[in-house]
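Below is one structure, written out as structure tokens, with a few remarks after it.
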Amino acid sequence: PAFATDDARAIIEDELGGAPGAAALVRSLGDAPVAAASLGQVYRGRLEDGTEVALKVQRPGIVRTIALDMVLIRDVVAPLASAFGLPGDLVATAEEWGRGFVNELDYAAEAANGEAFTASLRGSALESAVFAPAVVDWASRGRVLTTEWVDGERLDRCSAPDDVPRLCSLAMNTYLEMMLGEGTLHCDPHPGNLLRTTDGRLCILDWGLVAEIK
């Protein structure tokens, strides 16, 4: 469920401080988010110049919640599961999960991941066909991420289903280029993070979990 919008406004104000335009951005938020998930929620807002943006705000207290969960999994559940014969290094697996969750909570790193992807596309055959939302740098911090608002439809709810195979092929080409060409990989390609835009391009959302391929 969504958390209170007043709490979201307080987090935005705390993160952005006295940045010019921050007060107007907070005032532009609606009373409810457009989407809510386990780690945060997204609002539709507007900059002072009228540009529409998406604001991703981290759920209050989520760092402590995840830290407690991971300690219990690593120190209690994993040893019990091993004692009952479940194979593998379960403690190491839990530690890797924990690193992934912690990385997802750093919205500054998420912004950098999206911008790095955009930079990697410049001059390539994919540049005009696929993109990550542009980051609004001054309005992005560790717990708040502001990007351009992208009008689009999830691939599993697309009003142009005949175009979905083309976009899936484009997505596969893009992910192979990430992995083999750049040595990175966006690790959360579920249908909600893959949008068909109004002009038929592919937008990849949510760059919080990106793996490095050595």
Say each of Glu153 and Ala35 gets a label point 7 Å from the Cα, pointing the same way as Cα to Cβ; how far apart are those two points in nm?
1.6
What percentage of the solvent-accessible surface of the chain, computed with a 1.4 Å probe over protein heavy atoms, is contributed by carbon and sulfur atoms?
57
Hull shadow area, averaged, region 2-114 [alpha-carbon convex hull, nm²]:
8.6
Between Leu170 and Asp14, the two model label points (7 Å from Cα along the beta-carbon direction) sit apart by a distance in nm of 4.0
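Report, for the chain, the % of DSSP beta bridges that are antiparallel, rounded to 5.
Details: 24 of 26 bridges.
Restricted to the chain, the bridges split so that about 90 percent are antiparallel.
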Post the alpha-carbon centroid distance, region 1-49 to region 179-214, in whole angstrom.
24
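Once R0 is set to 25 Å, what does the formula 1/(1 + (r/R0)^6) return for the Cβ-Cβ distance between Ser124 and Glu96, expressed as a FRET efficiency to the nearest 0.05? Walk me through the intermediate numbers first.
Values: r = 31 Å, r/R0 = 1.25.
Working from the Cβ atoms, E equals 0.20.
I'd like to verify something in the chain: which complete DSSP H helices, judged by Cα projection on the helix axis, reach 20 Å or more and average at least -1.0 on the Kyte-Doolittle scale? The partial results should precede the final answer.
On the way: long enough: 90-104 (21 Å, -0.15); 107-121 (22 Å, 0.25).
Taking the DSSP H segments of the chain (at least 20 Å long, mean hydropathy at least -1.0), we get 90-104, 107-121.
Arrange the peptides 164-170, 112-118 so that the one whose residues have, on average, the most other Cβ atoms within 10 Å appears first. Mind showing how you got there, number by number?
Details: 164-170: 14.1, 112-118: 17.9.
Going by the mean number of other Cβ atoms within 10 Å, highest first, we get 112-118, 164-170.
Would you mind getting the accessible area per residue of the chain, heavy atoms of the protein chains only, 1.4 Å probe, in Å²?
Details: 11650 Å² over 214 residues.
Heavy-atom accessible area per residue stands at 54 Å².
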Here, His190 and Ala211, labelled 7 Å along Cα→Cβ, have an inter-label distance in nm of 1.7
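The values are calculated or read from the model by the stated rules, or taken from the named source; none is laboratory data. The structure presented is a predicted model; accordingly, all values stated were derived computationally and were not measured. As a convention, Cβ positions derive from the backbone with ideal geometry for all residues, glycine included, and neighbour counts pool all protein chains shown. All accessible areas refer to the heavy atoms of the entire protein, side chains included, with ligands and DNA or RNA removed. Shrake-Rupley method; radii C 1.70, N 1.55, O 1.52, S 1.80 Å.
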